[in-house]
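Right, one structure below, let's go through it.
The values are calculated or read from the model by the stated rules, or taken from the named source; none is laboratory data. No experiment lies behind these values; they were computed from the predicted model shown. A quick note on method: Cβ atoms are made from the backbone with ideal geometry, for glycine too, and the neighbour counts reach across all protein chains shown. In case anyone asks, the SASA skips ligands and DNA or RNA and just uses the protein heavy atoms, side chains included. Shrake-Rupley method; radii C 1.70, N 1.55, O 1.52, S 1.80 Å.
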Amino acid sequence: MTLPTQLEAQVENFITRLKRRQVIGSYEVAKETAVILRQAVSMSRWRDADALIDIIKDLGGRLASAQPKELAVGNIVRRVLKVIREVVRGELDDMMDNDDEYDDDDDDGSYSDGINDESPPPSKNLSTTSSQIGSVSERPQLTVESSMFRLLADVSPATPDDSSDTPEKKAYNLKPLIIQEINEEIIADLETVYKGIADQAIDYIHANEVIMTIGKSRTVEEFLIRAAQKRKFQVIVAETAPTYQGHDMATALSKAGIDTTVVVDSAIFAAMPRVNKVVVGAHAVLANGGLVAVTGSQLLAAAAKHHATPVLVCTALYKLSPVFAYDAETFNITVAPNSILDFQQGPLIDKVTVTNPYYDYVAPELVSLFVHNLGSAPPTYVYRLINDNYDPEDTTL
């Protein structure tokens, strides 16, 4: 379907930046996707909910195909589609409830007030002559079963100019409700996910514990900083070569007054015996309970599993994806190898193959608990969270 010119320009700009990886991070991708879908609901022309769902699915398919590794795009599209369906179902339920209220009011005896209970029965002549046009006793019965609202509607015949129930009118009524739900249920929820996860830090981080993490995750950072306001503990950060995100993470934690130590990635297994908990972030959570996280996370989780150390994953609900990990390699991203081997070393580059993975797939059996913005859940409960957040019809965009 054709989008308005202004909206089409914004969509093309977002798709270009996704392909060039100028928009990095699940939060930024999810928030911009939600804003574009809200504008699509507001600016596009649609006659009913089915037409709107087709527009959102078509637009969501374009955004998701621009960068298939950014699963947050498809997650937000599915969430918007569920919001649309919920609003439509709510409107239908309200209409049915209103009809039931009219019927209940009518059954309470509102019609019997205008009838004299002591009036004599109709004469035989009237009843016999009425057999040609229908029984008189049937006509009051039909009137009693109809509500006053329906009677008034039946009195005024429908005309072609009457647009009170046209698709345009329905779309006009649904549009503000859908936009309001997107603002409150999706965009506002994105702005509070970090606080919702950080508020649970006291329940999982205890005094004098040694916590290990890897990479730079805003969710994990705020989670540990919130715990440090009440508890004193030590954090070991793996440096995450070759991006060295762990250095930035260690700097942020040390500024917050947390005792922080940076170790090389090869020392993860050696340092694990003195670690009490492993806390990592997630780029995406899959339907089987596995997760896609920064490279090195699989090594960290496997070492924790060997030493029976619990692994906590701090993630938001918008990162839940109904996609299964049939092939774990498909969720990885290979970036330019110049950070590992400089292009100036030409003779050596011709003799070796350099692979620089950006993400790791972590199997669900290596994860102990997911801490999300509304609570916590084990990997076996992820499927239930996905069913609560997405509609089964929208699994495939």
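Assuming charge only on the beta carbon of Lys and Arg (+1) and of Asp and Glu (-1), the dipole of segment 211-291 about its Cα centre is about 380 debye to the nearest 20.
Note on residue 54 and residue 21: the model spin-label points, each 7 Å out from Cα along the C-beta direction, lie 3.8 nm apart. Modelled label positions at residue 344 and residue 232, each set 7 Å beyond Cα in the direction of Cβ, lie 4.8 nm from each other. For segment 168-228, the relative contact order works out to 41 percent when only alpha carbon pairs closer than 8 Å and six or more residues apart are counted. Residues 349, 236, ordered by accessible area of protein heavy atoms at a 1.4 angstrom probe radius and largest first, appear as 349, 236.
Measuring only protein heavy atoms, the 1.4 Å probe finds residue 248 accessible over about 90 Å².
The Cα center of segment 1-63 and the Cα center of segment 182-238 differ in position by 31 Å.
If you average the sequence gap of Cα pairs under 8 Å that are 6 or more apart and divide by the length of segment 220-334, what percent do you get for the contact order?
Relative CO of segment 220-334 lands at 23 percent.
So which of 230/255; 69/230; 216/319; 216/351; 31/277; 175/319 end up more than 28 Å apart by C-alpha? Violating the 28 Å Cα-Cα cut-off are 69/230; 216/351; 31/277.
Here the 3J(HN,Hα) profile of segment 277-292, calculated from phi with Karplus coefficients 6.51, -1.76 and 1.60 at θ = phi - 60°, is 8, 10, 10, 10, x, 9, 7, 7, 10, 8, 5, 8, x, x, 9, 10 Hz, Gly and Pro shown as x.
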